[in-house]
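J.: Take this structure first; my questions come after.
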Amino acid sequence: MKIYILNKVLEFENNVESIEEIFEEVNNIISISNYTLSHFEIDGDEVYNNFYGYFFKNIDTIEEVKVITKNIKDITKEILFSNIEYLEEAIFEVEVLANEFYKEPSKKTWSELVDLLEGIRWLMDTFYVVDMSDELKYIVTSYETWNLYAKDIYSLKDIMEGIGGIFENDDIAFLPEVLSDEILPLFKDMKDKLDTLVDRKIDKSKLN
């Protein structure tokens, strides 16, 4: 089989023993590049997960593998665009959620709260990914503003810990106040900062 990765073409035997060597070589090439793995295109099929399992199952018939990579800079931009879009939607949803908790929360309300907490965790996780990227200096327009955004992320962490305390003490009466007075203004502030940090005029279709 032939493996196409960046500007290289690798050849391997179609046997199970080759699989470990394939992944080792692919990882080595990517690790010294400015790219990261997106997915594999294997004989025309796009494979986004369980790579090893796919190879193991089809090793006898695989002829051509294209290793699809993405530039780290583009992925970093893509993450920030996703953050902005999430915050735009979440601002409205938090307002609605706060009003529902001021009344009698339904099962749907609790489910939406879980979604919100997962969204906050995602915002925090993606921040750490972007903050560690060597490409950050080429993407954000101001380190000073980025550092202020970082403070917002740490404020979110404090809020999450506070919500944990609310659940532990069964003080759900405080939830609407946390949503409307803490999370909502923080989300608005975070979105405003990201809007100034990232050039949204960039064609996002090029990032896919």
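The values are calculated or read from the model by the stated rules, or taken from the named source; none is laboratory data. Note that the structure is a prediction, hence the values are computed from the model and not measured. Glycine also receives a Cβ, built like all others from the backbone with ideal geometry; neighbour counts cover every protein chain displayed. Quick note on the areas: whole protein, heavy atoms, side chains included, nothing else; ligands and nucleic acids left out. Shrake-Rupley method; radii C 1.70, N 1.55, O 1.52, S 1.80 Å.
J.: Starting from the Cα of LYS191, draw a straight line to each of the lysines and keep only those under 24 Å, dropping any in the same chain fewer than 8 residues away.
T.: Filter leaves LYS73, LYS77, LYS137, LYS151, LYS157, LYS201, LYS204, LYS206.
J.: Please give the charge dipole size of the chain, origin at the Cα centre, charges +1 on K and R Cβ atoms and -1 on D and E Cβ atoms. Round to the nearest 20 debye.
T.: In total the dipole reaches around 660 debye.
J.: Excluding ligands and nucleic acids, what accessible area in Å² is computed for ASP170 using a 1.4 Å probe, to the nearest 10?
T.: 120
J.: Starting from the Cα of LYS193, draw a straight line to each of the aspartates and glutamates and keep only those under 12 Å, dropping any in the same chain fewer than 8 residues away.
T.: Once the sequence-local aspartates and glutamates are set aside, what remains near LYS193 is GLU144, ASP152.
J.: To continue, here is another question. For the chain, which whole percent of the accessible surface, found with a 1.4 angstrom probe, sits on carbon and sulfur atoms?
T.: The nonpolar share, carbon plus sulfur, comes to 49 percent.
J.: While we're looking at this one, here's another question. With Cα Rg over 2.2 N^0.38 Å defined as stated, name the option among (1) 1.32; (2) 0.98; (3) 1.06 computed from the structure displayed.
T.: Matching the structure shown: (1).
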